[in-house]
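Structure record follows, encoded as structure tokens.
The values are calculated or read from the model by the stated rules, or taken from the named source; none is laboratory data. Remember, it's a predicted structure, so these values are computed and weren't measured experimentally. A quick note on method: Cβ atoms are made from the backbone with ideal geometry, for glycine too, and the neighbour counts reach across all protein chains shown.
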Amino acid sequence: MLILGLTKTTLLDYPGHVAAALFTGGCNFCCPYCHNGDIAVNHASLTPLEDAALFEFLERRRKVLTGVCITGGEPTLHPDLPALAARIRALGYLVKLDTNGTRPDMLQHLIREGLIDYCAMDIKNAPEKYAATAGFSRDSAASYMDAVTASVQLLMRQQRIPYEFRTTVVAELHNEADMRAIAKWIAGADAYFLQSYTDSSGVLQPGLHAHSAATLQSFAAICRPYIPNTALRGID
């Protein structure tokens, strides 16, 4: 498994748990606001974490941590993800998956086999603006949107694990109409979180901006009639 990053302790990445976060290399999207650009796109120069070192760490931390978040990049691109999740769960950890939803077959397998305990799926934007927001070509739009829609439907129909949808909101990419379109698309979802864009040195496209807290609150209000459990995350 290509693990290119490890956060040893986080209170943010797995709701309700003290967790570690593992970052897998590579992604099939190229979101301009991505702050993990080195891991997702430009990872050739990075040194992977060896399995032995990873599991030695997880073994030592069993009395401190209760969960492990597998994020990226895009974890579901890796065929050995189920084996990784199984080994982590065998140590007694709960496993959370972060995904962009482009591998519904992998997501279904992980849920069906009981290999993940929580899933957070990114909703990049309204369907008609997905290509620009996720950084893929319009020629690929139909296949990507079919996959993303299949993952949305899978999560909303299954009853095995809790899940959430989430959108990183960027001033240059998201407006009121987009938020209403997203809310209608995932209406009835268990939970939806709006996360404000945060600028950083590693972002793929510098020069983007966050909406004001008041605007984000108004976006959440737009979504709540469709998804009552809509909230802001990481907003002061």
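Give me the residue from segment 8-50 that is modelled with pLDDT under 90, in contact with a strand residue (DSSP E or B) (Cβ under 8 Å, 6 or more places away or on another chain) and of a type in the set (A, V, I, L, M) and, out of that set, surrounded by the most Cβ atoms within 10 Å (Cβ to Cβ). Selected residue: Ile39. Going through (1) of a type in the set (A, V, I, L, M, F, W, C); (2) within 18 Å of the chain's Cα centre (by Cα); (3) surrounded by fewer than 20 Cβ atoms within 10 Å (Cβ to Cβ) one by one, Ala187 falls short only on (2).
In the condition set (1) touching a helix residue (DSSP H, G or I) at 6+ places or on another chain (Cβ under 8 Å); (2) within 21 Å of Gly26 (Cα to Cα); (3) surrounded by 22 or more Cβ atoms within 10 Å (Cβ to Cβ), Tyr93 is compliant with all but (2). Residues that are polar (S, T, N, Q) and out of contact with any strand residue (DSSP E or B) (no Cβ under 9 Å at 6 or more places or on another chain) were ranked within segment 118-157; the one that is surrounded by the most Cβ atoms within 10 Å (Cβ to Cβ) is Thr133. Which residues, taken from segment 41-68, are free of Cβ contacts under 8 Å to residues at least 60 places away in the same chain and under 30 Å from Val170 (Cα atoms)? Correct list: Asn42, His43, Ala44, Ser45, Leu46, Gly67, Val68.
Of all residues in segment 4-20, none are more than 24 Å from Leu173 (Cβ to Cβ), over 20 Å from the mean Cα position of the chain (by Cα) and assigned to a loop (DSSP other than H, G, I, E, B). Please work out if Tyr163 is of a type outside the set (A, V, I, L, M), surrounded by 19 or more Cβ atoms within 10 Å (Cβ to Cβ) and either within 26 Å of Met106 (Cα to Cα) or out of contact with any Asp or Glu (no Cβ under 9 Å at 6 or more places or on another chain) (or both). Against the criterion (of a type outside the set (A, V, I, L, M), surrounded by 19 or more Cβ atoms within 10 Å (Cβ to Cβ) and either within 26 Å of Met106 (Cα to Cα) or out of contact with any Asp or Glu (no Cβ under 9 Å at 6 or more places or on another chain) (or both)), Tyr163 qualifies.
Close Cβ contacts (under 6 Å, 6 or more residues apart or on different chains) running from residues in segment 115-138 that are under 20 Å from His35 (Cα atoms) to residues that are small (Gly, Ala, Ser) and in a loop (DSSP other than H, G, I, E, B) comprise Met121/Gly101.
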